[in-house]
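Have a look at the structure below, then the notes.
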Amino acid sequence: MAVVGAGLAGLRACERLRAAGHTGRIVVLGEEAHPPYNRPPLSKELLRGTLDRDKLPFRQRAATEDVEWRLGTRVGAVDLAGHTVALDDGTGLGWDGLVYATGVRARRLELDGAAWRHTIRTLDDALRLAPSLAPGTRVVVIGAGFIGCEVAATAVERGCEVTVVEPLGTPLERVVGAQVGREVQRRHEQHNVRFALGRTVRAVADAGEHLEVELDNGAGLAADVIVEAVGSVANTEPLDGQGLDLAHGVLCDDGLHPLRDGEPVLDVVAVGDVARFPVRAYGDAPIRVEHWTMPTDMATHAASSLLAGLAGTQVDSTGFAPLPTFWSEQYGVRMQSFGLPHLGLEDVRVLDGDLAGEAAVGYHRDGRLVGVVLLGMGKRMLEFRTAVAEARAASLEPAR
Ligand SMILES: Cc1cc2nc3c(=O)[nH]c(=O)nc-3n(C[C@H](O)[C@H](O)[C@H](O)COP(=O)(O)OP(=O)(O)OC[C@H]3O[C@@H](n4cnc5c(N)ncnc54)[C@H](O)[C@@H]3O)c2cc1C
């Protein structure tokens, strides 16, 4: 068995394959030199300097002690028909079953000066950025999604002068809507983060002592450090030319098998951020969900699905309905999200509490709860998570 990608999804796939009874050889091929580690602290505790990098690697369980880890090894191409992978070091490896778990990489803007712009996806990215966040450093963050907002909060807490540039009207608008976005903005501004909203970056230039960020309205921002947090691109290239649909991730069926001409490739599964699959009960087109809890939920199903596929059968996927769950942390306040709030941005209601303090915010589509975002309210997490899960379960029941 070959696993491409040594991140959370690759690790969980190994564990679940063993738990599902696979005793054969498993080889994991990972581009990064590090064993699987936890990414969420990269933009939070690690950047803040409150967590040592030694705490990041995931614990290796006894069941996967015999898994072979080939780290620092990039897979350049996968041959589905020939059952091989070609590695960038010129070697190759045969497989009978394949787990594809390559995650995503940071999207880059088409601007000069890529070398001056930081991204934050990997441990190496974070280790490169952290030392530059000294008091008084002028930081421009491009993009006010979750990672941009977390970096802004962390940098300002470290004494930096932070400006966030974002094309939309509020931070986090696409994911949690303008109402919650405005409150997030207020909290950042309270900590002296500045925003250039409705603005894009036209150019970045080396001005000698500093970098000059030119906005689309001609305004300039002087920066010592620029962090680009403008989304992600799924790492699908090794699957090019195999007849799969690789637009925005590896399109899979609900058994997590990639689809070729509408038919599942039974000896392959995709797991984690890279997979685009139908998230049951949310009815829309298959999506990728870049949430930490997903690889674990997906790996359990993918392992049974792959082992069944290798035996020439398919598992029943009707019970596979992971609930998207996400958290973020800014200024010591935990923000949590259940379901898919972005599907209910037209009908946003404060369910409890006060947006300016702690609040539970509900997102509805056709009157039905499709997501909840909590600002604080940690003690009531289970209650609201259950509400979203129950609303979803109700929508899955066959119409009478
Ligand atoms: C800074 C940051 C903060 C985050 N914070 C949160 C949070 O607060 N809450 C939350 O829910 N989620 C958070 N996430 C998202 C969460 O970490 C991801 O959803 C999770 O890591 C996905 O795991 P994965 O294994 O699918 O992908 P990854 O963790 O990206 O692992 C994929 C691995 O595959 C490797 N790879 C890629 N291509 C190849 C190739 N061709 N050959 C070999 N190896 C390859 C990559 O190098 C990588 O090591 C955060 C992510 C980041 C980057």
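Miscellaneous remarks
- When the residues of segment 286-301 are filtered to those that are surrounded by fewer than 21 Cβ atoms within 10 Å (Cβ to Cβ) and assigned to a helix (DSSP H, G or I), the one that is farthest from the ligand (Cβ to nearest atom) is Thr300.
- Hey, Gly262 without any contact (Cβ under 8 Å) to a residue 12 or more places away in the chain and out of contact with any helix residue (DSSP H, G or I) (no Cβ under 7 Å at 6 or more places or on another chain) or not: yes
- Long-range neighbours under 6 Å by Cβ, at least six apart or interchain, first residue among the β-branched types (Val, Ile, Thr) within segment 308-333, second more than 12 Å from the ligand (Cβ to nearest atom) and part of a helix (DSSP H, G or I): Val315/Ser304; Val315/Ser305; Val315/Ala308
- Taking each residue of segment 142-154 that is within 12 Å of the ligand (Cβ to nearest atom) and looking for partners that are in a helix (DSSP H, G or I) and small (Gly, Ala, Ser) with beta-carbon atoms closer than 8 Å, six or more apart or interchain, yields Ile147/Ser43; Glu150/Ser43; Val151/Ser43; Thr154/Ser43.
- Flag for Arg260 being within 16 Å of the ligand (Cβ to nearest atom), open to solvent by 30 Å² or more (accessible area, probe 1.4 Å) and within 22 Å of Thr318 (Cα to Cα): no
- The sole residue among Leu17, Leu42 that is in a helix (DSSP H, G or I), more than 7 Å from the ligand (Cβ to nearest atom) and either open to solvent by 30 Å² or more (accessible area, probe 1.4 Å) or touching a residue at least 24 places away in the same chain (Cβ under 8 Å) (or both) is Leu17.
- Selected residue (criterion: nearest to Arg280 (Cα to Cα)) from residues of segment 321-340 that are open to solvent by 20 Å² or more (accessible area, probe 1.4 Å) and aromatic (Phe, Trp, Tyr): Phe326
Yes/no matrix, rows are residues, columns are (1) of a type outside the set (Val, Ile, Thr); (2) open to solvent by 40 Å² or more (accessible area, probe 1.4 Å):
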site	(1), (2)
Gly220	yes, yes
Val227	no, no
Gly231	yes, yes
Leu239	yes, no
Asp254	yes, yes
Ala270	yes, no
Arg276	yes, no
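- Only a single item in (1) in the same structural domain as Glu209 (by TED's automatic domain parsing); (2) under 25 Å from Arg276 (Cβ atoms); (3) free of Cβ contacts under 8 Å to residues at least 60 places away in the same chain is not met by Ala86, and it is number (1).
- Scope segment 155-173; condition within 16 Å of the ligand (Cβ to nearest atom) and under 20 Å from the mean Cα position of the chain (by Cα); matching residues: Pro171, Leu172
- Restricting segment 118-146 to residues that are touching an Asp or Glu at 6+ places or on another chain (Cβ under 8 Å), surrounded by fewer than 24 Cβ atoms within 10 Å (Cβ to Cβ) and of a type outside the set (S, T, N, Q), the residue that is nearest to Glu209 (Cα to Cα) is Arg138.
- The condition (being at positive phi, open to solvent by 60 Å² or more (accessible area, probe 1.4 Å) and over 18 Å from the mean Cα position of the chain (by Cα)) is satisfied by just one residue among Asp354, Asp366, Asp316: Asp366.
The values are calculated or read from the model by the stated rules, or taken from the named source; none is laboratory data. Values in this document were obtained by computation on a predicted structure and should not be read as measured data. We place every Cβ from the backbone using ideal geometry, glycine too, and count neighbours over all the protein chains shown. The accessibility values were calculated without ligands, DNA or RNA, using every heavy atom of the protein model including side chains. Shrake-Rupley method; radii C 1.70, N 1.55, O 1.52, S 1.80 Å.
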